[in-house]
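What follows is a short report on a single structure.
The values are calculated or read from the model by the stated rules, or taken from the named source; none is laboratory data. Source: prediction; values computed, not measured. All Cβ positions, glycine included, derive from the backbone under ideal geometry; neighbour counts span all protein chains shown.
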Amino acid sequence: MDISPEKLADAYRLMKTIREFEERMRSEYQQGKLPGFIHIYRNQEAIAVAACLDMTNEDYIASTHRGHGHCIAKGCEIEAMLLELACKEDGLCNGKGGSMHIADMSKGMLGANAIVGGGPPIAAGAALTAKTLGNGAVSMAFIGDGASDQGTVAEALNLAVVLQLPMIFMYENNRYAEFTRNPKPDGRIAERAGAYGMPAEVVDGSDFYAMYDACQRAITRGREGGGPTAIEAICNRFYGHFEGDPQAYRDQDELKQERVDNDPLVRFLADERTASLTAEMTSSIDAAILAEIDRGFEVALAAADPTPDKLFTNVYIEYAGRLR
Amino acid sequence: MKMSIREAINQTLHEEMARDDRVVVMGEDVASDQGGVYGITEGLTQKYGVRRVIDTPITESAIVGAAGGAALTGLRPVAELMFVDFLGVCLDQILNQIAKFRYMFGGQARTPLVIRTMIGAGTGTGPQHSQILYPLLAAIPGIKVVYPAFPADAKGLLTTAIRDDDPVIFCEHKALYMDECEVPEGEYLIPFGQARTVVAGSDITIVAMSRMVVIAEQAAAQLKEKGISAEVIDLRTLSPLDEGAVLESLAKTGRLVVVDESNPYCSMASEIAGLAVERGFDTLDAPVRRVTAPHTPVPATPCLETEYVPNAAKVIAAVEETLAY
């Protein structure tokens with residue numbers, strides 16, 4: 001596999017940032033310092049990072065309610081993200097999106113989505129823009145195993161094949177749809193996508209290298225006019241559906257084992273292909289990450305709430321009617 | 001030049017596609033030679049090719065959602081939702097996604113999308129192809145809802161819709177497609193939120209929308225023969241709503257009848273009546289009357305459908321009751 005030491009360091013930095021960002025978030029959330037619902041991505045970091053590593057700001061992603069990792073992998077600024085998650089005026093979305101609707105158009109991040117399966121049609125539209133303008137960009141929809149059953153996902157798969165869109169369906173099969181074990185065997189999701197007429201493969205989502213390899217092929221196919229690809233990344237959900245869900249419905253021994261066996265960061269660092277990344281380098285990267293997150297939280301928690309008049313801003317670009 | 005709404009919309013699509021490369025047309029059958037069920041998109045494929053005139057599968061969530069995603073990323077799609085009734089299978093993409101992009105993304109999003117859709121009863125198409133549904137759409141913050149009654153308005157409002165940077169739902173009443181009137185040549189834009197006085201009068205105000213404007217005109221003509229001077233106001237856009245035009249006319253006449261093809265509860269007629277009571281109470285000389293469809297589905301039965309749709313006789317009866325108060 002062709003991956004430079006710089007890129008490997010970047011992959012590590014991004015995965016580790018997601019990990020530390022969310023662990024700190026959990027702790028602040030538990031203390032009541034962040035509003036709304038949050039959904040933690042831990043142990044799925046390799047998927048987002050492998051998927052976005054070769055993308056530019058001109059490429060698009062549509063995310064899910066479990067979207068912090070996708071944002072960070074796509075290059076969203078930590079401080080701006082934290083301001084948004086704290087619902088502050090200076091957040092990426094002026095505080096009006098929060099965790100489940102965070103977006104950054106400047107990075108091609110078309111939004112987390114609080115509607116399960118809401119994103120794929122939108123991502124298909126971004127792929128249609130790329131195809132129509134012929135600019136070589138690709139568009140990726142992140143889709144959970146729960147969302148894979150939604151009609152919108154089926155419609156997007158079909159549209160992508162019919163119009164040969166430069167699109168990637170990135171399924172993250174963590175095997176749990178909210179509180180319920182997904183009864184589909186691993187691989188069924190890819191089979192379904194493949195049945196629509198696109199290349200589809202099953203990949204170990206905790207293995208950064210396998211993911212990066214699959215994503216490179218899918219992205220290249222899209223850029224070269226080869227149409228859509230589906231990837232079913234098999235992974236595990238470390239924490240509950242949302243923060244505060246104790247996962248009482250899971251086999252606790254199995255959960256403990258999965259947490260250890262399938263930690264993508266541990267596996268990445270143990271892999272011989274990661275040898276160029278020395279312990280000295282990782283500890284320096286780690287220190288920088290922690291400092292950035294500390295600073296981000298300090299700024300976000302101290303920042304001003306939006307003023308009441310902001311209730312009425314950005315409903316429309318221009319509107320001749322009354323909003324109140 | 002005299003033309004039908006069908007021709008006016010077709011001409012506008014041609015003009016706007018010629019003017020701006022980012023305008024694309026997408027939907028079911030739109031690229032076919034005949035240009036869809038009513039020939040609205042006729043000739044576009046021959047001129048602009050399948051790159052910009054995009055036939056889609058019969059999957060409304062994908063059509064509307066992809067059009068929204070394309071608008072969000074730089075195109076200016078005109079998507080066709082063949083019948084507004086199909087809103088039932090794609091509402092999430094409008095309600096939870098497209099309408100909210102700009103707000104929930106803190107003003108980062110620009111969604112220059114037009115969804116053209118056929119509305120209305122009167123052609124025997126039955127419960128799932130004849131509804132109006134615009135009150136449901138107008139209730140959603142973040143989208144604009146437009147519904148012309150005349151070919152000239154269709155051209156002016158569609159041009160504005162395509163050039164607007166917010167999502168717009170453009171409702172075309174299928175019973176009006178062939179009605180003809182003069183349409184201005186060349187570039188023609190009508191701003192949103194400006195009602196038009198179709199018939200000037202002094203005794204009573206009749207506010208109407210879409211096909212009901214034609215019904216109200218017929219009623220006004222018959223009332224005139226009875227010596228009653230009715231003013232007919234065509235709202236033209238539902239969201240934004242020209243509240244000023246309604247209140248000004250009401251201040252002049254003191255009496256109001258609203259004609260709306262919607263089902264009665266939470267209809268536009270209710271909204272206009274509420275407006276009159278809340279902001280025009282001092283000018284009211286009689287209770288507001290609403291003439292709407294009943295709280296029933298639209299029957300396929302031709303004779304029952306005739307009963308369902310408000311007509312001139314019902315409008316005249318409401319006007320006379322209001323005047324007798």
Would you check if there is a residue in the range B:69-85 being within 13 Å of chain A (Cβ to nearest Cβ), outside any helix (DSSP H, G or I) and β-branched (Val, Ile, Thr)? yes
Restricting the first residue to the range B:51-62 and requiring it to be in a loop (DSSP other than H, G, I, E, B), which pairs with a second residue that is modelled with pLDDT of 95 or more and crowded, with 24+ Cβ neighbours inside 10 Å meet a Cβ separation below 7 Å and a spacing of at least six or different chains? B:THR56/A:LEU159; B:THR56/B:MET26; B:THR56/B:GLY27; B:THR56/B:ALA62; B:THR56/B:ILE63; B:PRO57/A:LEU159; B:THR59/A:GLU155; B:THR59/A:LEU159
Just wondering, is there one or more residues in the range B:97-108 that are over 20 Å from the mean Cα position of the chain (by Cα), buried (at least 24 other Cβ atoms within 10 Å of the Cβ) and part of a loop (DSSP other than H, G, I, E, B)? yes
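What residue, among those in the range B:45-66 that are buried (at least 19 other Cβ atoms within 10 Å of the Cβ) and out of contact with any helix residue (DSSP H, G or I) (no Cβ under 6 Å at 6 or more places or on another chain), is farthest from the other protein chains (Cβ to nearest Cβ)?
Top of the filtered list is B:THR45.
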With (1) within 14 Å of chain B (Cβ to nearest Cβ); (2) in a loop (DSSP other than H, G, I, E, B); (3) touching a residue at least 40 places away in the same chain (Cβ under 8 Å); (4) not aromatic (Phe, Trp, Tyr) as the list, and A:ALA320 as the residue in question, which single condition is left unmet? (3)
For the range A:104-146, give me the residue count where each residue is more than 7 Å from chain B (Cβ to nearest Cβ), part of a loop (DSSP other than H, G, I, E, B) and within 23 Å of A:GLY187 (Cα to Cα). 4
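Residue-by-condition table, conditions (1) in contact with a strand residue (DSSP E or B) (Cβ under 6 Å, 6 or more places away or on another chain); (2) surrounded by fewer than 22 Cβ atoms within 10 Å (Cβ to Cβ); (3) within 30 Å of A:PHE179 (Cβ to Cβ):
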position: A:GLY194; (1), (2), (3): yes, yes, yes
position: A:SER206; (1), (2), (3): no, no, yes
position: A:TYR209; (1), (2), (3): no, yes, no
position: A:GLU224; (1), (2), (3): no, yes, no
position: A:PRO228; (1), (2), (3): yes, no, no
position: A:GLU232; (1), (2), (3): yes, no, yes
position: A:PHE238; (1), (2), (3): no, yes, yes
Being at pLDDT below 95, surrounded by 15 or more Cβ atoms within 10 Å (Cβ to Cβ) and charged (D, E, K, R) narrows A:GLU258, A:GLU254, A:GLU292 down to just A:GLU258
May I ask you to list the residues in the range B:284-304 that are of a type outside the set (Val, Ile, Thr) and under 17 Å from B:VAL259 (Cα atoms)? B:ALA286, B:PRO287, B:ARG289, B:ARG290, B:ALA293, B:PRO294, B:HIS295
Wholly enclosed helices (runs of 4 or more DSSP H) of the range A:20-103 bearing at least 3 residues under 27 Å from A:ALA210 (Cα atoms), out of contact with any Cys (no Cβ under 8 Å at 6 or more places or on another chain) and touching a residue at least 40 places away in the same chain (Cβ under 8 Å): A:45-52, A:68-73
Go through A:PHE242, A:PHE208 for me and flag whichever is under 22 Å from A:TYR12 (Cβ atoms) and of a type in the set (Phe, Trp, Tyr). A:PHE208
For the range A:81-139, what are the residues that are closer than 23 Å to A:ASN173 by Cβ and not aliphatic (A, V, I, L, M)? A:SER99, A:GLY111, A:ASN113, A:GLY117, A:GLY118, A:GLY119, A:PRO120, A:PRO121, A:SER139
Please verify whether A:HIS70 is modelled with pLDDT of 95 or more, crowded, with 24+ Cβ neighbours inside 10 Å and either within 25 Å of A:ALA124 (Cβ to Cβ) or in contact with a Ser or Thr (Cβ under 7 Å, 6 or more places away or on another chain) (or both), treating the condition exactly as stated. yes
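Consider A:LYS16 carefully, then state whether it is within 23 Å of B:PHE105 (Cα to Cα) and either basic (Lys, Arg) or surrounded by fewer than 22 Cβ atoms within 10 Å (Cβ to Cβ) (or both).
no
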